[in-house]
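Asker: Below is one structure. I have some questions about it.
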Amino acid sequence: MTSKFVAVATAAALALYSGPAGAAATILVATTGVDSATCGTAPAPCKTIQFALDKAAPGDAVDVRAGTYAECILVAPGTGVGGVLLENEGFDTAQTTFATVLDGTGVCDAASAAPGPVAVVFDQSTIQGFTIKNGGDSVVVGLGAVTIATNKISAGSTTSIGGGIYLATGANLTDPAAKARIAGNTIDSCTADFDGGALYVDASASGVPSVVEIDGNTITTNTAGGAAGAFGGGIAVFTDTASSTDVSTVTITANTITGNTAKNATSGTQFAYGGGIFVATGGASGLGAESVTIGGSTAGTGNIIRGNGSEGLGGGVSVNLQPVPGATHAIVVQGNAITSNTGSKAGGGIHAFSTGTDLVAAATGFAGSVDIESNTLTGNHAPGGPTDFGGGGIFAESYLFRTPSGVLSFEIAKNSITANDTTSFGGGASLLVFASDDPNSDGVTSATDATIGFTNNLLAKNVAHDATGLQARGGGAYQYVEASGGQATASLDNGLLTVAQNTTDVGEAGLAWDAVSSSNSLSTDGHAHVSLTNSIVSANEGVGVGLGGSVFPGPLLSFDISYDDSLGNTGGDWDPKLGVATGTNGVIAVDPALDSFFTPSRCSPTIDAGDPATPVGQELLPNGNRINLGHLGGTVSAVRTLPDVNGDGQVDGLDVLAIAVSFGATSLPPDPRFSAAADRDLDGDVDGDDLSYVAAFFGQACP
Amino acid sequence: MTPSCFPIRVVAAIAAAAISLAVPACSGSSSPTSSGPVAHFTPDTPTPADGSITMLAGSSVGTAISIRVTVTKVNTFFGAAFRVHYDPTSLLFRGIDTSSSFLTQGVTPGDVDFQADAASVGGEVIVVATRLNPTVAPPVDVTATSDLLTLQFQARKAIAAGAAGGLLSFDDPKQVCDGTVVPSGCGSIAVTWSAGSVTAH
């Protein structure tokens, strides 16, 4: 993490005017005004914004009339402690004219004698409603709990970080209840030689909680990198906490982030990460509680991340989680629409990385989690080569080094991953799990269990294809697990997937698995494990599920397959090395009857075909008390079970009669009239609810 | 332009103890009193036999025609489920009327359930008429000919006597339930089923 501004406003800059104590005042500025001791009224506005700001007391507002102001300003009250509001005259949240312009040309732009930001906004102050452009070292700098809202920010550049906006919390914060907000701005055509083409956020906390909200901004065609491999072509966020009691929270919601670029180092020595957004926890110390949420579970909180590019990894988003002992770090990427991005080496849509520190010598553990959930990933590209890891939609990598089990969670769930492509591995997703129980080869080992959970995801119409037609693998997903050392386990737990209509040149079109068991310094071997359950693998152009040529199942390379449906894959449904036999372990081979949205029909044999030991989760009643196969299984969107009480394949009057005769009967205390088949909602009695389920499906049938 | 027809579904909302009956399937241009053919129903068995479920003629107004589904001398009658096959190009199913059903006598509305669905299977009305919970609403000994419910149709066009377009029949699966619990659902009572045909001119 780079820090570029010291959060100390000089007294000389701020103490020009002592306003009268009392009610907040509004000081007016106009290009026709005159700076004077008495200026600031409508008949006699001030001429320059800085002069008016210097007159302001904490809580005052400075309103600026339309016009162009060639100033580079410090936004803070001229005296006292607190914030000031700087806005265009008549500001309202819907204003769209942006006719009040702050222009750094010739004053602080890159060509000027003193390149710098056009506006530096100090703790608890606000700047809103301006066009702000031509900053020579960022356009706007925020220091502390500032509000930067509804501005049009453009044409900024910096030889360091944050071409459009640079925000630093940390030591600039004074009010524990305050938060920094960057909202509703348009940021375009800015460049940073290092990180954060549009926006760089140093969200550190040291004694005062840091809360940063980045909401509703439109961030387009910004560029970062070149001097080094960039973090964040559009947005770069680093959280940090100086001690175990510090808290840093960042939310990135409802932004539209398009056409931004993260460049590799010109020297070729460093890769770029995150064409649209880059996020990392533990920027320096990382000792406390840190969380970053990109999107969210509430409607309207997801970001639109489209058409961004990284010359390295993570065309749309790149996240990096590295908790240290004692820390609690979490990154959530949820509910975003991530489309048409390109990660040139890997991770066209998302690149997610986590690593668990060696904890053998540490007194305390840590808690870390990465959750990538409910995103739509479509049309992303990972045009990497044979030495890259691909992942047209997602490239995820999780490493644990002598880290006790259960301290780091990595879940990828409920995502729709469709029509992405790669020229290397994993058209839809490429997942890598690595565990080592003896990373320093010192012979001191510890149980280490690294796992990625990959559940409820739809992988459809993804492509792994390269020009040679010989090396791209895993049209739906490529998964690599490696465990080093006898106490290390690396696992990939696949469950409730729908893998359909994916394509590859050779080999595995649905799921491609590689697994490695390697030795530690004690010459003991690790256990690599892959499971697949409650899933549908259908109509892929190649082998449905297969292993790399050098992979042969055994005690240290185990593959557990159960309660899946695989059919119609042109290269065969299962790699023969997996030894899967239809009819055993709940594995079936039937047409799942998917519609064009990959939802099973009401009569699909995948309904209620899941592992009886798997809870039905959120499946709505009637759910047959057994989970469905595929990506909708266990969710509220799961296809409901036809309430065919008498089992004749149709829901009609006979089913009503079956309920009628048991109506009112309970299972406890036992009633001879009670019928489990009639108790559609499984609540132990036959009542109107059961009848209503039949009524809801009355007349429907499955042949 | 012909107005859209919504699926016909008459559902008793038991929890609310409210039963919706005889919901018209369509409204608008097809008024039962409009000019056009006049419909009549002719039962196959005008005098129902003991132990039977029989269609008999009800009221008829212009093209609208009501057909009584009756039960004759069946003991321990708890409910019935059946399908009625018809030609949807000749006849339009408009709903059911249960206001005179013997099943509703002496019990509360929440103790009975009537459903009719003509939307799911073309040319078939799926019907159920039953009491609920035999310990509260016991089976009925039907000692004469009693109305179970009334089917309401409308002729779409002229139908000659004996024409296929006017034929009505009971289709499988159909069952009369005696209120006992058996593995398949409800104990059955053997009855004879007799339908009839519609003419319109």
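Asker: Evaluate peptide B:184-190: per residue, the Cβ atoms of other protein chains within 10 Å of its Cβ; return the mean as an integer.
Answerer: Mean shielding count: 6.
Asker: Continuing with the same structure: If you average the C-alpha positions of the stretch A:444-511 and of the stretch A:330-402 separately, how far apart do those two centres end up, in angstrom?
Answerer: Measuring centre to centre over Cα atoms gives 13 Å.
Asker: Would you please classify the overall shape of the stretch A:560-612 from the alpha carbon gyration tensor, given that a ≥ b ≥ c denote the square roots of the eigenvalues, rounded means a/c under 1.5, and beyond that prolate means a/b larger than b/c while oblate covers the rest?
Answerer: It comes out oblate by the Cα gyration axes.
Asker: Send over the Kirkwood Rh of the stretch A:452-536, from the inverse of the averaged 1/r over different Cα pairs, rounded to one decimal Å.
Answerer: Computed over the stretch A:452-536, the radius equals 13.8 Å.
Asker: Nearest 0.05, what FRET efficiency do B:Thr192 and A:Ser409 give at R0 = 56 Å with Cβ-Cβ as r?
Answerer: Computed FRET efficiency for B:Thr192 and A:Ser409: 0.25.
Asker: Another question, then. Please say if the stretch A:179-330 is rounded, prolate or oblate, where rounded means a/c under 1.5 for a ≥ b ≥ c the square roots of the C-alpha gyration tensor eigenvalues, and otherwise the choice is prolate for a/b larger than b/c and oblate otherwise?
Answerer: oblate
Asker: Next question, about the same structure. For the stretch A:493-615, what is the relative contact order in percent, using Cα pairs closer than 8 Å and at least 6 residues apart in sequence?
Answerer: Contact order relative to length: 24 percent.
Asker: Where both partners of a DSSP beta bridge lie in the protein assembly as shown, what percent of those bridges are antiparallel, to the nearest 5?
Answerer: 25 percent
Asker: Roughly how far apart, in whole Å, are the Cα centres of the stretch A:649-698 and the stretch B:117-159?
Answerer: One Cα centre to the other: 20 Å.
Asker: How long are the semi-axes of the ellipsoid equivalent to the stretch A:292-407, from square roots of 5 times the Cα gyration tensor eigenvalues, in whole Å, largest first? Write down the numbers at each step before the final one.
Answerer: Numbers: eigenvalues 152, 67, 15 Å².
Working through the eigenvalues yields semi-axes of 28, 18, 9 Å.
Asker: So, one more: Remind me, relative contact order of chain A in percent, using alpha carbon pairs under 8 angstrom and six or more residues apart?
Answerer: With pairs under 8 Å counted, the relative contact order is 5 percent.
Asker: What's the long-distance tail for the stretch A:243-338, i.e. % of Cα pairs beyond 20 Å?
Answerer: Working: 2017 of 4560 pairs.
Counting every Cα pair in the stretch A:243-338, those more than 20 Å apart make up 44 percent.
Asker: Still on this structure, I have one more. Return the Cα extents of chain A along principal axes one, two and three, sorted largest first, each rounded to a whole Å.
Answerer: 93, 65, 50
Asker: Still on this structure: Which whole-number percent is the relative contact order of the stretch A:605-703 (Cα, under 8 Å, 6+ apart)?
Answerer: The normalised contact order for the stretch A:605-703 reaches 23 percent.
Asker: May I pose another question? In deg cm²/dmol and to the nearest 500, what is the mean residue ellipticity at 222 nm of chain A if only DSSP H runs of at least 4 residues count, each as -39500 (n - 2.57), divided by the residue total?
Answerer: -1000 deg cm²/dmol
Asker: Follow-up question, since we're still on this one. Take the stretch A:577-662, drop everything but the C-alpha atoms, weight them equally and run the Debye formula without solvent; then report log10 I(q)/I(0) at 0.14, 0.15, 0.18 Å⁻¹ to two decimals.
Answerer: -0.56, -0.63, -0.85
Asker: Pull the list of chain A cysteines that no other Cys approaches to under 4.7 Å, Cβ to Cβ.
Answerer: A:Cys190
Asker: Sort out for me the Cα centre separation of the stretch A:535-550 from the stretch A:107-150, rounded to whole Å.
Answerer: So the two Cα centres are separated by 54 Å.
Asker: Next up: Which angle between 0 and 90 degrees, to the nearest 10, do you get for helix A:653-662 versus the longest principal axis of chain A when only C-alpha atoms count?
Answerer: It is inclined by approximately 90 degrees.
Asker: Which aspartates and glutamates have a Cα lying under 19 Å from the Cα of A:Lys461, excluding residues fewer than 8 positions away in the same chain?
Answerer: Here the aspartates and glutamates satisfying the reach criterion relative to A:Lys461 are A:Asp421, A:Asp505, A:Glu508, A:Glu541, A:Asp565, A:Asp573, A:Asp591, A:Asp595.
Asker: A follow-up question, please. Roughly speaking, what is the stretch gain from A:Leu620 to A:Leu682, that is 0.36 nm per residue apart minus the C-alpha to C-alpha distance, in nm to one decimal?
Answerer: Additional length available on full extension: 21.1 nm.
Asker: Against the globular-protein guess of 2.2 N^0.38 Å, express the Cα radius of gyration of the stretch A:50-127 as a ratio, rounded to two decimals.
Answerer: 1.12
Asker: Another question about this same structure. Classify the stretch A:409-453: rounded, prolate or oblate, from the alpha-carbon gyration tensor (a ≥ b ≥ c, eigenvalue square roots; a/c under 1.5 rounded; otherwise prolate if a/b is larger than b/c)?
Answerer: Oblate, since a/c reaches 1.5 and b/c is not below a/b.
Asker: A further question follows. List the pairs from A:Lys152/A:Lys414; A:Lys263/A:Lys414; A:Lys133/A:Lys345; A:Lys47/A:Lys152; A:Lys47/A:Lys179 whose alpha-carbon separation is above 29 Å, in the order I gave them.
Answerer: A:Lys152/A:Lys414; A:Lys263/A:Lys414; A:Lys133/A:Lys345; A:Lys47/A:Lys179
Asker: Report the full-extension gain for the segment A:Thr41 to A:Thr245: residue separation times 0.36 nm, less the Cα-Cα distance, to one decimal in nm.
Answerer: In short, 68.7 nm is gained.
Asker: Excluding same-chain residues fewer than 8 positions from B:Lys174, which aspartates and glutamates have a Cα within less than 14 Å of its Cα?
Answerer: A:Asp648, A:Asp652, A:Asp655, B:Glu124
Asker: So, one more: Set the Förster radius R0 to 25 Å, insert the Cβ-Cβ distance between A:Thr364 and A:Val444 as r into 1/(1 + (r/R0)^6), and round the FRET efficiency to 0.05. Could you put the intermediate results ahead of the total?
Answerer: Working: r = 18 Å, r/R0 = 0.72.
Step by step, r from the Cβ atoms, then E = 0.90.
Asker: Could you list the trypsin sites (Lys or Arg not before Pro) in the stretch A:36-142 that lie in coil according to DSSP, counting only those with at most 13 other Cβ atoms within 10 Å of their Cβ?
Answerer: When the trypsin sites (Lys or Arg not before Pro) of the stretch A:36-142 are filtered for loop state and at most 13 Cβ neighbours within 10 Å, nothing remains.
Read-outs: derived from the displayed coordinates by stated rules, not from any lab. What you see is a predicted model, and the numbers here were worked out from it, not measured in a lab. All Cβ positions, even for glycine, are placed from backbone atoms using ideal geometry, and neighbour counts span all protein chains on display.
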